[in-house]
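This report refers to the structure that appears directly beneath it.
The values are calculated or read from the model by the stated rules, or taken from the named source; none is laboratory data. Here the structure is a predicted model, which means the values were calculated and not measured. In this analysis, Cβ positions are derived from the backbone assuming ideal geometry, glycine residues included, and neighbour counts consider all displayed protein chains. Remember, those area values only see protein heavy atoms, side chains included, never the ligands or the DNA or RNA. Shrake-Rupley method; radii C 1.70, N 1.55, O 1.52, S 1.80 Å.
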There are 2 protein chains.
Amino acid sequence: MKIGIYGYGNLGRGVEKAFEKNPDMELVGVFTRRDPASVKTVSGAPVYPAEKAEEFVGEIDVMILCGGSATDLPEMTPALAKNFNVVDSYDTHARIPEHFARVDAAAFRTGHTALISAGWDPGLFSLARLYMNAALPDGRDYTFWGRGVSQGHSDAIRRVPGVKDARQYTVPVAEALEAVREGKQPELSARQKHLRECYVVAEEGADRAAIEKAIREMPNYFADYDTTVTFISEEELKRDHWRLPHGGEVIRSGNTSEENGHVMTFGLKLDSNPEFTGSVLLACARAVGRMNTRGIFGCRTLFDVAPADLSMLSGEELRSKLL
Amino acid sequence: MKIGIYGYGNLGRGVEKAFEKNPDMELVGVFTRRDPASVKTVSGAPVYPAEKAEEFVGEIDVMILCGGSATDLPEMTPALAKNFNVVDSYDTHARIPEHFARVDAAAFRTGHTALISAGWDPGLFSLARLYMNAALPDGRDYTFWGRGVSQGHSDAIRRVPGVKDARQYTVPVAEALEAVREGKQPELSARQKHLRECYVVAEEGADRAAIEKAIREMPNYFADYDTTVTFISEEELKRDHWRLPHGGEVIRSGNTSEENGHVMTFGLKLDSNPEFTGSVLLACARAVGRMNTRGIFGCRTLFDVAPADLSMLSGEELRSKLL
């Protein structure tokens, strides 16, 4: 199956790495809005200007869109779905219905297949929530994230005056996680579920107390959480915080009868969020290509994808090896 | 959707309990090979003789088959699939391809849909293995079972001369589980993965040393494991071991590149194996009924079922609530 990568940041590079482990998939090229001459791919794959993508109609089975959810994907996915089968990792939960409708209209009219909100959350975590809810309709879900780097929160810190660079780790509160794993169903506030650890490189002569206050009191991002701020040097940041780990856990507990309760958990511990997400997106591209050849057009999510379509293995192999 | 339960042991009663939590599903009746007059259902659902099932063609959308894998289902599922859409929990891993082929032939020719090997292993654990393999193709899977009651092993102990009753718990070895969860990929023998705890009620005057030796040395069942045998009274068995808990954990760890490794886990802790399995089978029946109305005929497994088909919620609700 022939694949294009549209957008070449951390996630695009993550998708690129996944080709090594998926020998049935071929990377045709990377499309960028930057000057292609300035972009060097890790694998040596060719780089093309984004506006030339249309010339690859017929040569690319599925285009994997590696833009951001805030401003890129709401425009990019419906636009590209007119010419290609596409996969994106749109993750602005509140706006998924709107994004879905726009992408569906664009893809359906032109006989393309689009899969939105793929990755791990939304993505594998969403699947875990769905299977758990179907298996145990009377119960309660919890999703914990971390310990991992939140790019959005790191960016928010970088916008504070006097901050040169920053890394924010989201950390689940151990006691809350333990209680939920044991099948208790506590009512938890944002503060009771997650801590926020901030590692900050201040500019020379900056007012550190003011920076710390600005971070701790920032609405939405930090004000509702127990937040720690640790100032470190640029060297320490580069040496100790270069990875982009992440992960988390989906837990559902509930009852099938008064006397019998059950706990289901799905957890991820990821050294590299973009590499793992990229690997999931490539498996999703496989399913999208297959669904399109079967005449399934329009927008879908992982909820609509038969699991077997994600796999390199045949139905017979899956039944004998993994069932 | 109108459902029949075919076979009324622990699992059949588990399915029956699940109707309370799935208000879109209606139990038409229970079919038994025993004398219907001798069977009293928990919910008060009517009981019919198994041989009258054919009279319910057109009144039952999906029949859930609650027979055993050793002798019941190999005959039952292909036979019933000629008249009904069916779900079974066939779990003899080595013979799944053969069972699949026979059920597929029976169901396809008559325009029915059959889903075999549903439940949690095979079932939800199989799905976890498939998703994990697709997301992380370069890695290694482990499945641990327990702590939970193995009916097969309990039955094997009951066949030892001098044994009146018994309960066998399969227990994962804590150190092995911990190592795998941490992303190590140890080579583990059967003995290094699971312990077997046996609680035995001996007949009066029986030779306990002989019983213990017979259990510990039993090939396939116990000889390859560290096995403990504890003699208890009939009262203790009834008081402390009436539940049928089970569970376990599927773990896959692997790499997306040389420097980045990932660990994925899916775990279940179940107070009642038959109630939870029954609840999963009822969700599967929902999917089977839907697939049949769409003209999808023949045998399938959970690998072929779009997750959304298992859920009571609509596509819109799933996307806004669980994605």
Tally the residues that are touching a Leu at 6+ places or on another chain (Cβ under 9 Å), more than 9 Å from chain A (Cβ to nearest Cβ) and of a type in the set (Ser, Thr, Tyr), restricting the search to the range B:264-323. 1
Return the pair list, or none, for Cβ contacts closer than 9 Å from residues in the range A:157-172 that are aliphatic (A, V, I, L, M) to residues that are open to solvent by less than 20 Å² (accessible area, probe 1.4 Å) and part of a loop (DSSP other than H, G, I, E, B), at least 6 apart or on different chains. A:157/A:222; A:166/A:160; A:171/A:146
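Which members of the range A:193-225 meet the condition of being touching a residue at least 12 places away in the same chain (Cβ under 8 Å) and exposed (fewer than 15 other Cβ atoms within 10 Å of the Cβ)?
If the condition is that a residue be touching a residue at least 12 places away in the same chain (Cβ under 8 Å) and exposed (fewer than 15 other Cβ atoms within 10 Å of the Cβ), then A:203, A:207, A:208, A:210, A:224 are the ones that fit.
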Residue among A:73, A:80, A:136, A:65 that alone is surrounded by 18 or more Cβ atoms within 10 Å (Cβ to Cβ) and either among the acidic types (Asp, Glu) or within 13 Å of another protein chain (Cβ to nearest Cβ) (or both): A:136
Here's a check for you: in the range B:280-323, which residue that is open to solvent by 10 Å² or more (accessible area, probe 1.4 Å) and of a type in the set (Val, Ile, Thr) is nearest to residue B:93 (Cα to Cα)? B:296
Can you work out which of the residues in the range A:241-250 that are within 9 Å of another protein chain (Cβ to nearest Cβ) and part of a strand (DSSP E or B) is farthest from residue B:183 (Cα to Cα)? A:249
If only one of A:265, A:230 is part of a strand (DSSP E or B), touching a helix residue (DSSP H, G or I) at 6+ places or on another chain (Cβ under 9 Å) and at pLDDT 95 or above, which one is it? A:265
Based on what the data block shows, is residue B:87 modelled with pLDDT of 95 or more, within 14 Å of another protein chain (Cβ to nearest Cβ) and closer than 17 Å to residue B:274 by Cα? yes
Conditions: (1) more than 10 Å from every other protein chain (Cβ to nearest Cβ); (2) in contact (Cβ under 8 Å) with a residue 24 or more places away in the chain; (3) out of contact with any strand residue (DSSP E or B) (no Cβ under 6 Å at 6 or more places or on another chain). Residue A:118 meets all but one. Number of the miss? (3)
Determine, yes or no, whether residue A:144 is in contact with a Gly (Cβ under 7 Å, 6 or more places away or on another chain), under 25 Å from residue B:310 (Cα atoms) and surrounded by 19 or more Cβ atoms within 10 Å (Cβ to Cβ). yes
